[in-house]
Amino acid sequence: MSRTGGNGRKLVAERRVAPRAKAKAAAPKPASRKSGPAKPRSNNIVVRLITGLVSLIWRIIWGVTWRLGATLALIVALATGYFYTTLPPLDDLLDARARGSVTMMDAEGSVFAWRGETFGGAITTQTVSPHLRNAIIAVEDRGFYSHLGVSPRGIAGAIRSNLRAGRSALSGAGGSTITQQVAKLLCLGVPYDSAQWPSETAYEEDCRRGTVWRKIKEVPYAFALETKFSKDEILTIYMNRAFLGAGARGFEAAAQRYFGRSAAEVGPAEAAMLAGLLPAPSLLAPTRNLERAQARANVVIGLMADQGYLSQHEVAEARSYPATLSQQAEAQRGIHFADWLMQSGPSYLTRNTTEDVIMRTTFNPRIQTAIEDAVADVFKTRVRDGSQAEVAVVVMSADGAVRGMVGGRSPSVGGFNRATQAMRQTGSAFKPFLFAAALENGFEPFDIVEDAPLTINIPGSGPWSPRNYDNRFHGFVTLTEALSRSLNTPAVRISEAMGRAQVREVANKFGLHSDLAEGPALALGASEANLLEMTAAYAGILNGGSAVQPYGIEQLTLLGDSTPLFGASTGIGERVISERSAQVLTWMMTRVVAEGTGTRARLPGWQVAAKTGTTQASRDAWFIGFTADYVAGVWMGYDDNSPLTGVTGGGLPAEIWRETMERVHRGLSPRPLPMIEPERPVLEPPRSEAPVHPVPQAPAAQGGSSLDDAIRGILGSIFGGN
């Protein structure tokens, strides 16, 4: 108890506690968990310096590494977030073609050709065949459903494979996942700009370049895709945007293009072939090399089996019955015909279309097959092996509707079309237009003209003398004989008597629009034209004397629309010569086949009107003719304009024409040609093989006055001799 003393201080009793014992010795520390004696600290200053230096370097590396990693992770996250905000909705990513497509249908409504990039319609992982979905994953990314968009192991393996093959690290195999390939297909969100790239092809090539920077950018873009879309949606984008050769964009278009069926209907063998196209679609396309495509599909079938997508029975069946092309895809008919339509149609709906266009055409696959088979047969059986001679054939109706076309022996899409692009001298195939002008000017089929030496002085060129192919002169001949035997001197005499301007005018109106020769050689076909123009001009004779514009598009509509944008039902234009002149000329041309230079083109049971043509030094050989149903033109020559050996228009071209028309007319009943056989004069002047100086018939005039006789006398004095 405490008390207070008088001096104010507390009185505190002393504690009655015993003083503390001295602190016990400190308890020993528990033994270390590690057994064995502690490692003594080295007293070697060198060792201590090295150890300290290594520790410092490690701390620096670790500090830099985690900071750098954090920085990179932040950059990737920010880039991923940015790309995420730029990704449009799924539906906007399925078809982003800058160009549209043109689907061509024949006269019966069946598809025979495609141009541009065909889409075929959107598909999803739920609507396609499960075999196709599995084949894509087996080939391109077996871990697709487990990774986050990027596979470091796959990239490392691809780099190792490229280096072992002697390539650079990023050349060849890329190790990209399907998500990364979608990033490439989307060009990392960069849209196509025609002002920046010369073509969509150049744009896509730039998008596919495997540069280091582009590979780096693919990573956050792939993460953004994985964040924005589900795995099935990413695969859906891939299936719709992948290019699969032959102008097919997406697996739906490819299935229709190669197999004639939807992607929802393909079996294991077809699915394997489609998925096998992904590494090199243009090289592996079955339309280019079916055996190579089947071999690649066999590899894919093995991958599908290894990953459990196919049973042993399905594997055996797929390998026993590999995928084959549909009949239409295998035939590849009408390549030159389709190319012609793409060049002749309006560019905004053909070559440069941004829409999907459906084109109903005049194309007849039966006639096209007849042409191709005839050409193949003649070159196989009647042309020497190794010949580089080329050929072009056109078949059309009398109104100008083109039914079939061959522009060369080895057709290729976008290749040179000799039926429409080759401008060649026409030779004597031009002469029907000369005789058309003559008939319009009053000449008659049995009028007499002389085949004798003739020399004309051409200002600036000197004297010019035409001669016949056989180097002989035949004296007095009728106009019909001059045409059927393709005599040159009579043709020049008639042309000069009428005036070249009239011949040129008739030829122009019939559709020969190129610059026609100015000199007297005009009558002998010194001018150039292409086969399509010439065949259409002959169609003008068959239809009764009206000009013809060859056409191949009957109707053109946009996909999904029912109203056609435009079309044509005939190519017949303005009248050029009278119907009577056309029908008389037709009869005169029948004599070419019956008894003249075109006898090899006779068709038993059919009336045929035609004309042969052979240019100087046999550089070009023509045969163009018609029945009551069809007009066909044939040209032969070399691309380098070198002479043909032993070929004239009445030879191989006439045989190709006959072989073609025999096939074209199978199953048809013969019909007579629309022609008028003129009455022969009661008295015919004597004929002589020796050159004489007769007075040729002048154009008939109305009334038969004495002035007519005077004109005949003048013409006779000019053209009767040398």
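The values are calculated or read from the model by the stated rules, or taken from the named source; none is laboratory data. Bear in mind the structure is a predicted one, so any value in this text is a computation, not a measurement. Here the Cβ is made from the backbone with ideal geometry for all residues, glycine too, and neighbour counts use every protein chain on show. Please note that ligands, DNA and RNA were not included when accessible areas were found on the heavy atoms of the full protein model with its side chains. Shrake-Rupley method; radii C 1.70, N 1.55, O 1.52, S 1.80 Å.
Computed over neighbours whose Cβ is under 10 Å from that of VAL592, the net charge equals +3, Lys and Arg +1, Asp and Glu -1. Shown here is the pair-distance distribution of segment 314-415: with all Cα-Cα distances grouped in 10 Å bins from zero up to the longest one, the shares run 12, 34, 29, 16, 8, 0 percent.
Note on segment 555-615: dipole from Cβ charges, positive end direction compared against LEU559, THR599, THR586; the farthest Cα belongs to THR599.
For the chain, the dipole from Cβ point charges (+1 on Lys and Arg, -1 on Asp and Glu) about the Cα centre works out to 8340 debye, to the nearest 20.
Each Lys or Arg adds one and each Asp or Glu takes one away; over the other residues whose Cβ falls under 13 Å from the Cβ of THR381, this sums to -2. The helix-only estimate of mean residue ellipticity at 222 nm for the chain, built from DSSP H runs of length n ≥ 4 each weighted as -39500 (n - 2.57), is -12500 deg cm²/dmol after division by the residue total. Computed from backbone phi, the HN-Hα couplings of segment 252-267 come to 5, 5, 5, 4, 5, 5, 8, 10, x, 8, 6, 5, 6, 10, 6, x Hz, rounded to whole numbers (Karplus: 6.51 cos²θ - 1.76 cosθ + 1.60, θ = phi - 60°; Gly and Pro given as x). Filter the GluC sites (Glu not before Pro) in segment 469-553 to those in DSSP coil with at most 13 other Cβ atoms within 10 Å of their Cβ, and list the result. Passing both the DSSP loop test and the Cβ count: GLU518. Would you be so kind as to identify which of VAL406, VAL647, ALA482 lies farthest towards the positive end of the dipole of the chain, taking Lys and Arg as +1 and Asp and Glu as -1 on Cβ and the Cα centre as origin? Ranked along the dipole, the leading option is VAL406. Between segment 218-289 and segment 303-381, the C-alpha centres lie 18 angstrom from each other. The protection proxy used here, the mean number of other Cβ atoms lying within 10 Å of each residue, ranks peptides 87-93, 535-541, 183-189 as follows, highest first: 535-541, 183-189, 87-93. Between THR124 and HIS513, how high is the FRET efficiency from 1/(1 + (r/R0)^6) when r is the Cβ-Cβ distance and R₀ = 41 Å? Nearest 0.05. Once rounded, the FRET efficiency stands at 0.20. Taking the C-alpha atoms only, the angle from helix 335-344 to the longest principal axis of the chain is near 90 degrees. Ranked from largest to smallest solvent-accessible area, with a 1.4 Å probe on the protein heavy atoms, THR455, THR118, THR586 come out as THR455, THR118, THR586. Distance between Cα centroids, segment 44-61 to segment 529-544: provide it in whole Å. Here the two parts' Cα centres lie 96 Å apart. Taking 0.36 nm per residue of sequence separation and removing the Cα-Cα distance, the VAL682/SER344 pair yields an extension gain of 116.5 nm. Listed by chain and number, the aspartates and glutamates whose C-alpha is less than 16 Å from the C-alpha of LYS217, apart from same-chain residues fewer than 8 away, are ASP206, GLU226.
Which far-off residues, 5 or more places away or on another chain, put their amide H under 5 Å from the one on ILE448, with H placed in the peptide plane? Under 5 Å from the amide H of ILE448 lie the amide H atoms of GLN697, each far enough along the sequence or on another chain.
Note on exposure: PHE566, PHE112 ranked by accessible area (1.4 Å probe, complete protein assembly) read PHE566, PHE112, with the most exposed listed first.
The listed residues THR361, THR103 rank as THR103, THR361 when sorted by accessible area, largest first, using a 1.4 Å probe. Between ASP640 and GLN549, the modelled labels are 4.0 nm apart [label points 7 Å from Cα along Cα→Cβ]. Over segment 181-322, Cα pairs under 8 Å with separation of 6+ residues give a relative contact order of 16 percent. Placing +1 on the Cβ of every Lys and Arg and -1 on the Cβ of every Asp and Glu, with nothing else charged, gives segment 39-158 a dipole about its Cα centre of roughly 1440 debye. Stretching the chain fully between ARG288 and PHE416 yields a gain of 44.2 nm (0.36 nm per residue, less the alpha carbon separation).
Net length available on complete extension from THR455 to ARG382 is 22.4 nm, with 0.36 nm assigned per residue and the Cα-Cα distance removed.
Between the Cα long axis of helix 130-140 and the first principal axis of the chain there is an angle of about 70°, rounded to the nearest 10. Normalised size of segment 215-286, defined as Cα radius of gyration per 2.2 N^0.38 Å with N residues, equals 1.25. Estimated at the nearest 10 Å², the accessible area of SER562 is 110 Å² with a 1.4 Å probe.
Restricting the calculation to Cα atoms, segment 536-597 shows an Rg/Rh of 1.24 when the hydrodynamic-style radius is the Kirkwood one.
Measure nothing fancy, just the Cα-based angle from helix 365-382's long axis to the longest principal axis of the chain, in degrees from 0 to 90, nearest 10. Compared with the principal axis, the helix lies near 70 degrees. Extending 7 Å from Cα along the Cβ direction at ASP206 and again at TYR84 yields two label points whose distance is 2.9 nm. For the chain, the share of alpha carbon pairs falling in successive 20 Å distance bins from zero is 14, 32, 22, 15, 7, 4, 2, 2, 1, 0 percent. For a paramagnetic label modelled on LEU558 (point 7 Å from Cα along Cα→Cβ), amide N atoms under 16 Å away belong, within segment 97-124, to 97-103. Among the protein heavy atoms, those of MET675 account for about 60 Å² of accessible surface (1.4 Å probe, every chain in place).
Taken per residue, the accessible surface of the chain reaches 50 Å², heavy atoms only and a 1.4 Å probe.
The convex hull of the Cα atoms of segment 533-665, projected and averaged over all directions, covers 10.9 nm².
The orientation-averaged projected area of the convex hull spanned by the Cα atoms of segment 272-340 comes to 5.2 nm².
Farthest towards the positive end of the charge dipole of the chain, among the residues SER465, GLN126, PHE144, is the Cα of PHE144, using unit charges on the Cβ of Lys, Arg, Asp and Glu. Take the convex hull of the alpha carbons in segment 357-410; its mean projected area over all directions comes to 4.9 nm². Once the Kirkwood radius over Cα pairs is known for segment 200-325, the Stokes-Einstein relation at 20 °C and 1.002 mPa s delivers a diffusion coefficient of 134 µm²/s. By the rule of a C-alpha distance below 14 Å, with chain neighbours fewer than 8 residues away ignored, the aspartates and glutamates paired with LYS509 are GLU440, GLU533, GLU574. Model label points for ILE75 and ALA617, set 7 angstrom from Cα along the Cα-to-Cβ axis, are 6.8 nm apart.
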